[in-house]
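Structure record follows, encoded as structure tokens.
Please treat every number below as a calculation from the coordinates, not as lab data. Here the structure is a predicted model, which is why all the values come from computation and not from measurement. Cβ: placed from backbone, ideal geometry, glycine included. Neighbour counts: every protein chain shown.
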Amino acid sequence: MTSPDPSPEGRRKPQQRKQVLLRLDPSVYDALARWASDELRSANAQIEFLLRKALGEAGRLPRDAGPLPRRGRPPGGS
């Protein structure tokens, strides 16, 4: 008998981010997308930013939530 494949392709990494389906009124989405663009974020990142802000203000942000992931180009580029 052989053991399972120890290569990275043979192992599944646990999913680190939860995926959810969100239905929004088209005009609400358009406003959110414009706001996100103004702040150089994706609509998805803007939703997470706003949810974390609201949870923090309500005292409901879990301590183990960690910081928002940094996306995009690193600062100091040419």
| request: With a point put 7 Å past each Cα toward its Cβ, work out how far LEU68 is from LEU21 in nm, to one decimal. | output: 2.7
| said: Highest mean first, how do 43-55, 26-38 rank when packing is the count of other Cβ atoms within 10 Å averaged over residues? | reply: 43-55, 26-38
